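Trainee: Okay, handing you the structure first.
The values are calculated or read from the model by the stated rules, or taken from the named source; none is laboratory data. Worth saying up front: this structure is predicted, and the values here are computed from it rather than measured. All Cβ positions, glycine included, derive from the backbone under ideal geometry; neighbour counts span all protein chains shown. When the accessible area is computed, the model is the full protein with side chains, heavy atoms only, and any ligands, DNA or RNA have been set aside. Shrake-Rupley method; radii C 1.70, N 1.55, O 1.52, S 1.80 Å.
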Amino acid sequence: MDVEPEWFRKWSESFAPVYFVIVVVPKDVPDWVAHPATSTVHRAAAYWVRFDATKHSKKIQVPKSQRLSLETVHAWKLELDQLLEVAS
């Protein structure tokens with residue numbers, strides 16, 4: 001995916017890590033979203049990559065091996081906590 005110059009500028013200036021996430025959904029909405037009485041269910045796949053200004057100045061590729069999961073969110077939080085600890 002092409003990286004817009006404005007995205008690159010903002011992401012490069014960020015103190016916090018920047019993660020690019022792409023969500024893949026089926027073409028037909030009824031195939032990927034359902035609304036049972038107690039929830040909303042999304043049948044989609046999400047993949048991510050951490051932005052790196054030295055690699056992603058023009059394009060960004062998201063490897064299918066990096067599927068977004070609950071463990072991913074915990075790892076992101078840990079990474080941010082470590083950066084904040086070093087900064088304080």
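Trainee: Test each condition in (1) under 12 Å from the mean Cα position of the chain (by Cα); (2) surrounded by 15 or more Cβ atoms within 10 Å (Cβ to Cβ) for HIS56 and report the one that comes out false.
Mentor: Single failed check for HIS56: (1).
Trainee: Let me ask something else about it. Failed condition for ALA87, given (1) surrounded by 10 or more Cβ atoms within 10 Å (Cβ to Cβ); (2) in contact (Cβ under 8 Å) with a residue 12 or more places away in the chain, with all others met?
Mentor: (1)
Trainee: Scan the stretch 66-84 residue by residue and report those that are in contact (Cβ under 8 Å) with a residue 12 or more places away in the chain and either outside any loop (DSSP other than H, G, I, E, B) or out of contact with any Phe, Trp or Tyr (no Cβ under 6 Å at 6 or more places or on another chain) (or both).
Mentor: The answer is ARG67, THR72, TRP76, GLU79, LEU80, LEU83.
Trainee: Determine which single condition PRO63 fails, assuming it passes every other condition in (1) open to solvent by 100 Å² or more (accessible area, probe 1.4 Å); (2) in a loop (DSSP other than H, G, I, E, B).
Mentor: So PRO63 meets the others, but not (1).
Trainee: Please go through the stretch 43-68 and give me each residue that is polar (S, T, N, Q) and closer than 24 Å to PHE15 by Cα, ordered by number.
Mentor: The answer is THR54, SER57, GLN61, GLN66.
Trainee: When the residues of the stretch 17-31 are narrowed to those that are under 20 Å from GLU4 (Cβ atoms) and part of a strand (DSSP E or B), which ends up least open to solvent (accessible area, probe 1.4 Å)?
Mentor: Going through the stretch 17-31, the residues under 20 Å from GLU4 (Cβ atoms) turn out to be 17-23.
The next check asks that each one be part of a strand (DSSP E or B); those that pass are 19-23.
On the way: TYR19: 50, PHE20: 24, VAL21: 58, ILE22: 68, VAL23: 90 Å².
Result: PHE20.
Trainee: Can you name every residue in the stretch 70-88 that is modelled with pLDDT of 95 or more and of a type in the set (Val, Ile, Thr)?
Mentor: THR72, VAL73
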